[in-house]
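Just so it is clear, none of the values below were taken in a lab; they were calculated from the coordinates. Because the structure is a prediction, the values reported are computed rather than measured. Every residue, glycine as well, gets a Cβ built from its backbone with ideal geometry; the counts of neighbours run over all protein chains shown.
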Amino acid sequence: MIIFIFVLGLIVGSFLNCVILRTYKGESFIVGRSYCPKCKHDLKPWDLIPVLSYLILRGKCRYCGNKISSQYPLVELSTAIIFSFVYLQVGLTSEMIYLLAIMAIFIVIFVYDLKYYIIPDKFVFSGIILSAIWVFLTGDILITFASAIGASLFFFLIWFFSKGLAMGFGDVKLAFLIGLLLGWPNVIVGLFLGFFFGAIIGTISLLINQKNLKSEIPFAPFLLSGTFVALFWGDKIVQWYLSLIK
């Protein structure tokens, strides 16, 4: 089963790469054959084997010889690892199916914001609808929605008073999704870790002169990293923190 989940992750990761590229170009990712973004040549099935095709072709297009972005194998492999991890954590359950769908959405948002500095509404809203349905079926509706509203309101205030300089409005909507996924009190852990990771990477970027104080840094990757940690270890982190203050 773990092999099946890993291979499924590779295949889904390949599809997510297609979603990211075609969304940016305003193309449908449901219909149409895959093609090289450089020479536009249609790709054959043997050009699309996740990770393996990249290695066999040595990272170059078979038809034009241009370099293939390392994003493709990295997203495929990362998706496979994350899918496998989720399976090992929750087993073959309905929760696994829900979490795999959410992880796929998160991966798209992570890469899209990292590359293009924007969080497409279609992915955030898809995650919100999916999470809302899951909460209605399984969760504490009142507390979970209050967590989502609280997280989103907190980000809205930052966005409003900074006039959009501290973060984009996409982060406000993403915070609502994170609140639905994590609930209380794990949403606090996720958001704190997101800011913590962002502060570390931002400081490192300043120190090595890659960024300055006015540079734009995508925040969604940090938020989603913190969310991932809180999703699986949030309870333990909360218990550890409470033991320190007793």
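Values as computed for the structure displayed
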item: Gaussian network model of the chain, Cα within-10 Å springs - most flexible of SER84, SER94, SER14; result: SER94
item: Pairwise FRET efficiency - ALA166 versus ALA146, Cβ, R0 = 25 Å, nearest 0.05; result: 0.55
item: Cα shape, the range 112-246, gyration tensor, a/c 1.5 rule; result: oblate
item: In degrees, nearest ten, helix 141-161 long axis to first principal axis of the chain (Cα); result: 80
item: Inter-site label distance for PHE192 and ILE129 at 7 Å from Cα along Cβ, in nm; result: 3.5
item: GNM result for the chain, Cα springs below 10 Å: residue of PHE169, PHE154, PHE222 fluctuating most strongly; result: PHE154
item: All lysines inside 17 Å of LYS173 as judged from Cα atoms, apart from same-chain residues fewer than 8 positions distant; result: LYS122, LYS163
item: Cα gyration tensor category, rounded, prolate or oblate, for the range 39-85 with a/c compared to 1.5; result: prolate
item: Amide proton proximity set for TYR35, modelled H, under 5 Å, gap of 5+; result: LEU43
item: Residues TRP46 and PHE232, FRET efficiency given R0 of 51 Å [Cβ-Cβ distance, rounded to 0.05]; result: 0.90
item: Residue-averaged 222 nm ellipticity for the chain, from DSSP H runs of 4+ at -39500 (n - 2.57), nearest 500; result: -24000 deg cm²/dmol
item: Theoretical gain in end-to-end length, ILE30 to PHE154 [0.36 nm per residue, Cα-Cα removed]; result: 41.1 nm
item: Whole-Hz ³J(HN,Hα) from phi, Karplus 6.51 cos²θ - 1.76 cosθ + 1.60, for the range 13-23, glycine and proline x; result: x, 4, 5, 5, 4, 4, 4, 4, 5, 6, 5
item: Within the chain: Cβ-based charge dipole about Cα centre, in debye rounded to nearest 20 (Lys, Arg +1; Asp, Glu -1); result: 880
item: Point-to-point label distance, LYS115-SER243, nm (Cα→Cβ direction, 7 Å offset); result: 4.3
item: From phi via Karplus (6.51, -1.76, 1.60), per-residue ³J(HN,Hα) for the range 167-181 in Hz, x at Gly/Pro; result: 6, x, 5, x, 5, 5, 5, 5, 4, 5, 4, 4, x, 5, 6
item: Model label zone, GLU216; criterion: amide N under 20 Å from point 7 Å along Cα-to-beta-carbon; scope the range 96-123; result: 108-123
item: Amide H contacts of ILE118 (H built 1.01 Å from N, under 5 Å, at least 5 apart or other chain); result: ASP113
item: Residue of ALA220, ALA104, ALA146 that the Gaussian network model of the chain assigns the largest fluctuation, springs spanning Cα pairs under 10 Å; result: ALA146
